[in-house]
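Inspection log for the structure reproduced underneath, given as C-alpha cells.
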Amino acid sequence: MGFGIGENLGVEELIDERYRGIRPAAGYPACPDHTEKATLWDLLDVKAKVGIELTTSYAMFPGSSVSGLYFFNEPARYFGVGKIGRDQLEAYAARKGMELELAERWLGPNLEG
C-alpha cells in the first residue's frame, strides 16, 4: 500500500500500535459480534492458508493470533458501538439469519436495560 512507508517503526512500536490508522476487530467495541470472524475465516480460507483455527467461542488458536480490519488513514479513530434496543437486536438477527437468542448471547453487553 505504501502508506506509512516513511514511519520506519520497529517491532515494539508496531505492537504498541504507533502506526497511523486503526485495527478494529470482531469482538471489540467497534465490532462487538465475535461471529463475524467466521465470515472472515470462510472468505479468506484462513485455516487452510495459515493454519489459524477458531474455537466454538470464536477465540483464535494459536492464542498469539490476531485478526482485524486495517484502516490506514491518519484521521481514523477507534469508536465503540453504543447500547442497542431490542428492535435493533431483532433486525440484526434477522439480517444475519441468526436465532434471536444467539444474537442476544453475542451482543448482550450492548443491549439497553
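Readers should treat all values here as calculations from the given coordinates under stated rules, not as data from a laboratory. Nothing here was measured: the structure is a model prediction, and the numbers come from that model. Backbone-built Cβ (ideal geometry, glycine too); neighbour counts: all protein chains shown.
Report, to the nearest 10°, how far helix 86-96 tilts away from the longest principal axis of the Cα atoms in the chain, using its own Cα long axis and a range of 0 to 90°.
70
So what J values fall out for region 34-51 if you push phi through Karplus, 6.51 cos²θ - 1.76 cosθ + 1.60 with θ = phi - 60°, rounded to Hz, Gly and Pro as x?
After applying 6.51 cos²θ - 1.76 cosθ + 1.60, I find 4, 5, 5, 4, 4, 4, 4, 4, 5, 4, 9, 6, 4, 4, 6, 7, 10, x Hz.
Which value at 222 nm does the chain reach when only helices count, each DSSP H run of 4 or more adding -39,500 (n - 2.57), with the total divided by all residues and rounded to the nearest 500 deg cm²/dmol?
Only helices count here, giving -9000 deg cm²/dmol.
Under a point-charge model restricted to the Cβ atoms of Lys and Arg (+1) and Asp and Glu (-1), what is the dipole moment magnitude of the chain relative to its Cα centre, in debye to the nearest 20? Could you put the intermediate results ahead of the total?
On the way: 12 positive and 17 negative charges, 23 e Å.
My answer is approximately 100 debye.
Would you kindly state how much longer the chain becomes between N8 and I84 on full extension, computed as 0.36 nm times their sequence separation minus their alpha carbon distance, in nm to one decimal? All intermediate terms of the calculation are to be shown ahead of the outcome.
Details: separation 76, 0.36 × 76 = 27.36 nm, distance 4.08 nm.
Result for the pair: 23.3 nm of gain on full extension.
Can you work out the Karplus-derived ³J(HN,Hα) for every residue in region 5-19? Use 6.51 cos²θ - 1.76 cosθ + 1.60 with θ = phi - 60°, whole Hz, and x for glycine or proline.
With coefficients 6.51, -1.76 and 1.60, one gets 4, x, 6, 6, 7, x, 4, 4, 5, 5, 4, 7, 6, 8, 6 Hz.
Determine the sum of side-chain charges near G27: Lys and Arg each +1, Asp and Glu each -1, restricted to other residues whose C-beta is under 12 angstrom from that of G27.
On the way: positive: K37; negative: D33, E36.
Net local charge, G27 excluded: -1.
Quick query: amide H of H34 versus all other amide H atoms, modeled in the peptide plane; which residues come in under 5 Å with a sequence gap of 5 or more or a different chain?
Under 5 Å from the amide H of H34 lie the amide H atoms of G27, each far enough along the sequence or on another chain.
With 10 angstrom as the radius, rank V46, V81, V66 by how many other C-beta atoms surround their C-beta, starting from the fewest.
On the way: V46 18, V81 14, V66 8.
The most exposed by this proxy come first: V66, V81, V46.
Can you give me the C-alpha center-to-center distance between region 67-90 and region 51-65, rounded to a whole angstrom?
22
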